[in-house]
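Q: Supplied in structure tokens, the structure appears directly below.
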Amino acid sequence: MEYIIVEPAHRKFIALVRLNRPDALNALNLQLMGELRDALKELDDNDEVRVIVLTGNEKAFAAGADIKQMADKTAIDMLKIDQFSTWDQIKKTKKPIIAAVSGFALGGGCELAMTCDMIVASETAQFGQPEIKIGVMPGAGGTQRLSRAVGKALAMEMILSGNFINAERALQAGLVNRVVPVELYLDEALKLAESIAAQSPLATMMAKEAVNKSYETSLSEGLFFERKNYYLLFAGQDQKEGMNAFIEKRRPEFKGE
Ligand code: DAK
């Protein structure tokens, strides 16, 4: 892989994936996105991994899709490239993904962070959907996910003006989970990952699925879906281990079985 590095996180059950195209502020060209899709698929299938942390570098998480690669494309070219199959694969990842964001998270970069399940931001992070400034609009979920995350008023403002918001505003608006000094953002994301990796991987997977369902269905259907997942967890050993550990006053050892 040229633009993606899967680094040892030095923490049990956690994988660290780094976007690595620093000269272009991690602009998401097709190769990078393909590599990211493949890396996430592999980690999702790996039993040694329970939580994935996705990061860039201090200056940029990602400054958007690669404008230079898109500039001369026609609508038919875009249709044939079908980037959605790549983005959909990322969305399908069953394990929790935490975006550790510093610097620019713009356009497709902001959309990629929002496709993750949680965002830990550095104080220097900037979020934006500036596609309007280059004559287009968000195309990888920005209009839908940003509106759901921060509400209509701020989403409209960001998407129609292209203005960025800083980390503090993103925190107030509910776009990110927490904001920490730049030297701590990756560590903070890894700590959050550790606290999730200590839980039953089956339960985290099904809980993630149920929370995501809430964005796509009615309340009664969502509740029904939640109940089925809840019952299903009683078929596994992790539920027995978790409840017995509580009763025996010890820490549970979850195996994902
Ligand atoms: N694409 C290509 N190159 C980029 C880039 C981008 N998005 N962003 C930055 N770069 C490159 C710059 O061209 C420059 O390269 P050289 O000139 O050195 O070769 C290098 O990165 C450093 O950038 P700057 O010199 O511009 O650095 P500054 O600090 O001065 O400015 C900036 C940083 C982030 C404010 C600025 O680079 C900027 O405005 N970048 C563009 C941000 C943007 O408009 N992003 C949205 C792009 S459109 C879809 C999936 C995804 C999408 C759509 C559909 N489907 C699934 C269908 C997403 C679309 C987008 O994201």
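The values are calculated or read from the model by the stated rules, or taken from the named source; none is laboratory data. What you see is a predicted model, and the numbers here were worked out from it, not measured in a lab. FYI the Cβ positions are ideal-geometry reconstructions off the backbone, even for glycines, and counts take in every protein chain you see. Remember, those area values only see protein heavy atoms, side chains included, never the ligands or the DNA or RNA. Shrake-Rupley method; radii C 1.70, N 1.55, O 1.52, S 1.80 Å.
Q: Out of contact with any Lys or Arg (no Cβ under 9 Å at 6 or more places or on another chain), within 27 Å of residue 126 (Cα to Cα) and free of Cβ contacts under 8 Å to residues at least 24 places away in the same chain: does that describe residue 70? Lay out the reasoning, then the answer.
A: Numbers: out of contact with any Lys or Arg (no Cβ under 9 Å at 6 or more places or on another chain): yes; within 27 Å of residue 126 (Cα to Cα): yes; free of Cβ contacts under 8 Å to residues at least 24 places away in the same chain: yes.
So residue 70 passes the test.
Q: Now for a different question. Can you find even one residue in region 3-21 that is open to solvent by 40 Å² or more (accessible area, probe 1.4 Å), in a helix (DSSP H, G or I) and within 16 Å of the ligand (Cβ to nearest atom)?
A: no
Q: List, please: which pairs have Cβ atoms under 8 Å, are six or more places apart or on different chains, and start with a residue in region 187-198 that is over 18 Å from residue 254 (Cα atoms) and end with one that is of a type in the set (Val, Ile, Thr) and open to solvent by less than 40 Å² (accessible area, probe 1.4 Å)?
A: 188/120; 188/180; 189/53; 189/55; 189/98; 189/120; 190/14; 190/53
Q: Just name the residue that is nearest to residue 139 (Cα to Cα) out of those in region 22-44 that are assigned to a loop (DSSP other than H, G, I, E, B) and within 17 Å of the chain's Cα centre (by Cα). Full working, then the answer.
A: Keep residues of region 22-44 that are assigned to a loop (DSSP other than H, G, I, E, B), which gives 25-27, 29.
This time we only want the ones that are within 17 Å of the chain's Cα centre (by Cα), so: 26-27.
On the way: 26: 18, 27: 15 Å.
Looking at residues that are assigned to a loop (DSSP other than H, G, I, E, B) and within 17 Å of the chain's Cα centre (by Cα), I get 27.
Q: When you scan region 189-209, how many residues do you find that are over 25 Å from residue 122 (Cα atoms), under 16 Å from the mean Cα position of the chain (by Cα) and of a type in the set (A, V, I, L, M, F, W, C)?
A: 2
Q: Sticking with this structure for a sec: Of the residues that make up region 232-241, is at least one farther than 18 Å from residue 61 by Cβ, outside any loop (DSSP other than H, G, I, E, B), free of Cβ contacts under 8 Å to residues at least 24 places away in the same chain and open to solvent by 90 Å² or more (accessible area, probe 1.4 Å)?
A: Yes.
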